[in-house]
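So the structure is just underneath, and the comments pick up after that.
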Amino acid sequence: MTADEARRVDVALRGIGFPGVVAPVNADDPSGEWGVYDQADPGKRVDITGTALVALADSPVPDAGGRPRRGFVIPPTARA
């Protein structure tokens with residue numbers, strides 16, 4: 001994921017209470033790919049991106065009224 005996507009994932013993970021650190025895959029290149037890790041230390045961390053994304057997908061996203069919402073993602077190339 002990109003740095004911009006990582007920021008959004010980080011906010012969403014904190015919103016559902018999921019533990020994890022969103023950080024660049026290569027600590028020396030923050031403009032490259034990002035992932036979700038179990039801890040901040042690059043030498044000891046374990047990539048948990050897949051688990052984090054599944055947790056987000058399985059969580060209800062509250063709307064303004066606090067109720068879960070559902071919907072569809074329409075690709076920008078789709079035509080009616």
* **Length released on extending from ALA3 to VAL25, taking residue separation times 0.36 nm less the Cα-Cα span** => 6.9 nm
* **Contour excess over end-to-end distance, with Cα ends at LEU56 and GLU33 and 0.36 nm allotted per residue** => 6.4 nm
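Bear in mind that the values in this text are calculations on the coordinates, not laboratory data. The structure displayed is predicted, hence computed values, not measured ones.
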